[in-house]
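The values are calculated or read from the model by the stated rules, or taken from the named source; none is laboratory data. Here the structure is a predicted model, which means the values were calculated and not measured. Glycine gets a Cβ as well: all are built from the backbone with ideal geometry, and neighbour counts include every protein chain shown.
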Ligand SMILES: [Zn+2]
């Protein structure tokens, strides 16, 4: 199941004990890469959710330069030594897929930071494109991550779950006090963002009114029944 809330130590456990720190981590798990996103107001990067739950993910700034200059220097493809940066590694993988040099796109796991210590496991994505844009000050890398369909979750629901904007997640989390909203339940772990009215019945992912926190137990029990 995707879009579940986890604590940082759970993230580390899921990722086999790796303390993921940087935004972009190419093939850090061998079979897949990991990217981190943030919904915090002072988030340093511009990541967007497009239609169909596609993430438009921004590349990394040049390292080793003063903070006040970071947003005025082109994001680099390569390091001084000539090795590829994380931008370069992701860009190359996207290019190889687009040019059919590799058959399948690189797989990316995405985590979204809601606030200090609280993360959303966004699940797996395909890296389908990488390109360079001008943001008004300098060149930045952009990567398109398409939700990876699995057999467990119906595609429409998966796209729906992945389309909840970060600010809506924050609003729901704060409104519900970080716990399951069932009156007889106070669970604060295994929480999921649940749509009160499902996509199939016309419910929206874009407003906090249609989304609530449910623990795994109550989320499972709800199934397709409308209880709220
Ligand atoms: Zn519950």
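What do you reckon, is residue 12 over 17 Å from residue 148 (Cβ atoms) and at pLDDT 95 or above? Write out each step before concluding.
On the way: over 17 Å from residue 148 (Cβ atoms): yes; at pLDDT 95 or above: yes.
Against the criterion (over 17 Å from residue 148 (Cβ atoms) and at pLDDT 95 or above), residue 12 qualifies.
Taking the stated definitions as given, is residue 17 farther than 24 Å from residue 190 by Cα and surrounded by fewer than 15 Cβ atoms within 10 Å (Cβ to Cβ)? Walk me through how you get there before you give the answer.
On the way: farther than 24 Å from residue 190 by Cα: no; surrounded by fewer than 15 Cβ atoms within 10 Å (Cβ to Cβ): yes.
For residue 17, the condition - farther than 24 Å from residue 190 by Cα and surrounded by fewer than 15 Cβ atoms within 10 Å (Cβ to Cβ) - is not met.
Search segment 28-42 for residues being touching a residue at least 40 places away in the same chain (Cβ under 8 Å) and exposed (fewer than 14 other Cβ atoms within 10 Å of the Cβ), and hand back the single one that is nearest to residue 115 (Cα to Cα).
From segment 28-42, those touching a residue at least 40 places away in the same chain (Cβ under 8 Å) are 29, 31-40; that's our starting set.
Next, from what is left, pick out any that are exposed (fewer than 14 other Cβ atoms within 10 Å of the Cβ): 31, 40.
Values: 31: 28, 40: 7 Å.
Only one residue fits best here, namely 40.
Residue 73 is checked against (1) more than 24 Å from the chain's Cα centre (by Cα); (2) free of Cβ contacts under 8 Å to residues at least 24 places away in the same chain and fails just one. What number does that condition carry?
(2)
I'm trying to understand the selection: among the residues of segment 173-188, which are under 18 Å from residue 7 (Cα atoms) and either in the same structural domain as residue 50 (by TED's automatic domain parsing) or near the ligand (Cβ under 10 Å from one of its atoms) (or both)? Quick ask: steps written out before the conclusion?
Let us first name the residues in segment 173-188 that are under 18 Å from residue 7 (Cα atoms), namely 173-174, 176-180, 186-188.
Matches in segment 173-188: 179, 180, 186, 187, 188.
As an exercise: evaluate residue 65 against (1) at negative phi; (2) in contact (Cβ under 8 Å) with a residue 12 or more places away in the chain and give the number of the one condition it does not meet.
Every condition holds for residue 65 apart from (2).
Tell me whether segment 200-217 contains one or more residues that are outside the structural domain of residue 125 (by TED's automatic domain parsing), closer than 29 Å to residue 116 by Cβ, part of a helix (DSSP H, G or I) and within 16 Å of the ligand (Cβ to nearest atom).
To start, the set of residues in segment 200-217 that are outside the structural domain of residue 125 (by TED's automatic domain parsing) comprises 200-217.
Within this subset, residues satisfying the condition of being closer than 29 Å to residue 116 by Cβ are 204-217.
Cutting the leftovers down to part of a helix (DSSP H, G or I) gives us 208-210, 216-217.
Next, only the ones that are within 16 Å of the ligand (Cβ to nearest atom) stay: 216-217.
Checked segment 200-217: at least one residue is outside the structural domain of residue 125 (by TED's automatic domain parsing), closer than 29 Å to residue 116 by Cβ, part of a helix (DSSP H, G or I) and within 16 Å of the ligand (Cβ to nearest atom).
Can you go through 132, 152, 128, 164 and tell me which one is outside any strand (DSSP E or B), away from the ligand (no atom under 15 Å from the Cβ) and surrounded by fewer than 19 Cβ atoms within 10 Å (Cβ to Cβ)? Steps first, answer last, please.
Details: 132 fails: outside any strand (DSSP E or B); 128 fails: outside any strand (DSSP E or B); 164 fails: surrounded by fewer than 19 Cβ atoms within 10 Å (Cβ to Cβ).
Exactly one residue qualifies, and that residue is 152.
Give 11, 50 a once-over and let me know the one that is under 18 Å from the mean Cα position of the chain (by Cα), surrounded by 14 or more Cβ atoms within 10 Å (Cβ to Cβ) and under 30 Å from residue 220 (Cα atoms). Before you say what the answer is, go through the steps one by one.
Numbers: 50 fails: surrounded by 14 or more Cβ atoms within 10 Å (Cβ to Cβ).
The conditions single out 11.
In segment 85-109, what count of residues is obtained for those that are surrounded by fewer than 16 Cβ atoms within 10 Å (Cβ to Cβ) and outside any helix (DSSP H, G or I)?
Adding up the residues that qualify gives 6.
Spot the failing condition for residue 192; the list is (1) out of contact with any strand residue (DSSP E or B) (no Cβ under 6 Å at 6 or more places or on another chain); (2) within 16 Å of the ligand (Cβ to nearest atom), and only one is missed.
(1)
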